[in-house]
Each structure stands twice: as structure tokens, then as C-alpha cells.
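The values are calculated or read from the model by the stated rules, or taken from the named source; none is laboratory data. This is a predicted model, so every value here is computed, not measured. Neighbour counts are summed over all protein chains in view; Cβ atoms, including those assigned to glycine, are modelled from backbone coordinates with ideal geometry.
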Amino acid sequence: MEPRIETLNEKKFIGKKVIMSFSEDKTRELWQSFMPRRKEINNSIGNDLYCLQVYGNDFDFNKFDLNKKFEKWAAVEVTDFDNVPDEMETITIISGLYAVFIHKGAASTGPGTYRYIFGTWLPNSGYDLDNRPHFDILGDKYKNDDPTSEEEIWVPIKVKV
């Protein structure tokens, strides 16, 4: 599974976020609170949904801690932040390099894809992880826990020095 390398231009998002860990996964609750209200965001770009993860500077993927807290977002891309619905927030991803992987299969098979990305591909690539948000694009081919589902996994990278 070789990724494509892309330079992402700055993107703006409006959505909802939760603080969680992998051991206290609140993804389902996050999306259940966001989806009924997503149409309140009237300046969205396209129909894709975005699942963003913001890990702190001290998050170490080499010493994986299931209890380490991070932000997870359910969001849509927007043109601007002029009209933010109540109880929603904004986040901007600055420009930078990303490795883009295609995960095919049910969401429950995702951990295997992530093990490959962080345990095999990244250590053997010419890149290091960059400290910017990670995100998944849940586009037209995304079908939640369906074995035919597809989503894009965007991992922030920088050239090794």
C-alpha cells in the first residue's frame, strides 16, 4: 500500500470536537451529535466529511499509549468562518506535505492500516511525522463499517533531515 504524496493548501473546517483517547473512544457519539446538524453549515465546500485528529507535541506514535488524550473532530470544509453554528468550532490546517493512503474495508479493519502506516511505511520512508492535524476524508465511497467502504487517510509528513 504505497501512498501518494501531496502538498495540501490551507483548509478551513467547521465542526464539533471531543477530547478522547483510543481506550475511551468517543467517535460514535461525536458523529451522532454532528451529523444531524451538519446542514446548518451553509458555506461548506463539497459533500465530503472530514474526521480530524489533533495530537499534542508529546504524542509519541513509537510508544503508543492507548490512554493518551487527543482531539477528534467531525467536520466539513468551508470557505470562511463568517457563520459558525452554535456549539460548533473552527479549525484551520496549514499548508504542508501529506502522505495519502486509501483504506479499503470496514472501519473495524482500520487498525491494521494504521499499523502499516506507522510501523512499516513511515520508518522505511524518507519522511518523518509532522506535527499538524491528521485527517480522513469520508467521501462518496465511504460506507461506515461496510467491507466495500473506502476512505482517504492523510498523514502529515516532512522530509527527513
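Name the single residue, out of those in the range 75-97 being surrounded by 13 or more Cβ atoms within 10 Å (Cβ to Cβ) and in contact with a Ser or Thr (Cβ under 8 Å, 6 or more places away or on another chain), that is nearest to Ile157 (Cα to Cα). Give the derivation first.
Initial filter on the range 75-97 (surrounded by 13 or more Cβ atoms within 10 Å (Cβ to Cβ)): 75-78, 81, 84-85, 88-91, 93, 96-97.
Retained after the next criterion (residues that are in contact with a Ser or Thr (Cβ under 8 Å, 6 or more places away or on another chain)): 76-78, 81, 84, 96-97.
Values: Val76: 22, Glu77: 21, Val78: 24, Phe81: 27, Val84: 30, Gly96: 8, Leu97: 5 Å.
Looking at the filtered set, the residue picked out is Leu97.
Assuming Val76 fulfils every condition listed in (1) over 17 Å from Lys26 (Cα atoms); (2) at pLDDT below 95 apart from one, which condition is it?
Here Val76 meets the rest and fails (2).
Mind checking whether some residue in the range 55-72 is within 23 Å of Asp146 (Cα to Cα) and under 17 Å from the mean Cα position of the chain (by Cα)? Working first, answer last.
Restricting attention to the range 55-72, the residues satisfying the condition of being within 23 Å of Asp146 (Cα to Cα) are 72.
Next cut, under 17 Å from the mean Cα position of the chain (by Cα) only: 72.
Yes: the range 55-72 contains one or more residues that are within 23 Å of Asp146 (Cα to Cα) and under 17 Å from the mean Cα position of the chain (by Cα).
Within the range 4-21, how many residues turn out to be free of Cβ contacts under 8 Å to residues at least 60 places away in the same chain, exposed (fewer than 15 other Cβ atoms within 10 Å of the Cβ) and either assigned to a strand (DSSP E or B) or under 14 Å from the mean Cα position of the chain (by Cα) (or both)? Can you show your working first?
Start the filter on the range 4-21 by keeping residues that are free of Cβ contacts under 8 Å to residues at least 60 places away in the same chain, which leaves 18-21.
With exposed (fewer than 15 other Cβ atoms within 10 Å of the Cβ) added as a condition, the list becomes 19, 21.
Then drop every residue that is not either assigned to a strand (DSSP E or B) or under 14 Å from the mean Cα position of the chain (by Cα) (or both), which leaves 19.
Qualifying residue count, the range 4-21: 1.
If Phe61 satisfies every condition in (1) farther than 27 Å from Val159 by Cα; (2) touching a residue at least 24 places away in the same chain (Cβ under 8 Å); (3) assigned to a loop (DSSP other than H, G, I, E, B) but one, which is the exception?
(1)
Would you call Leu66 surrounded by 15 or more Cβ atoms within 10 Å (Cβ to Cβ), in contact (Cβ under 8 Å) with a residue 24 or more places away in the chain and of a type in the set (A, V, I, L, M)?
Numbers: surrounded by 15 or more Cβ atoms within 10 Å (Cβ to Cβ): no; in contact (Cβ under 8 Å) with a residue 24 or more places away in the chain: yes; of a type in the set (A, V, I, L, M): yes.
Spelling it out, it is not the case that Leu66 is surrounded by 15 or more Cβ atoms within 10 Å (Cβ to Cβ), in contact (Cβ under 8 Å) with a residue 24 or more places away in the chain and of a type in the set (A, V, I, L, M).
Please determine, by comparing only the residues of the range 35-63 that are under 25 Å from Asp130 (Cβ atoms) and modelled with pLDDT of 95 or more, which one is surrounded by the fewest Cβ atoms within 10 Å (Cβ to Cβ). Let's see the steps before the verdict.
As a first pass, look at the range 35-63 and keep what is under 25 Å from Asp130 (Cβ atoms): 45-46, 48-63.
From what's left, modelled with pLDDT of 95 or more: 45, 48-54.
On the way: Ile45: 12, Asp48: 17, Leu49: 21, Tyr50: 22, Cys51: 21, Leu52: 20, Gln53: 15, Val54: 18.
Among residues in the range 35-63 that are under 25 Å from Asp130 (Cβ atoms) and modelled with pLDDT of 95 or more, the one surrounded by the fewest Cβ atoms within 10 Å (Cβ to Cβ) is Ile45.
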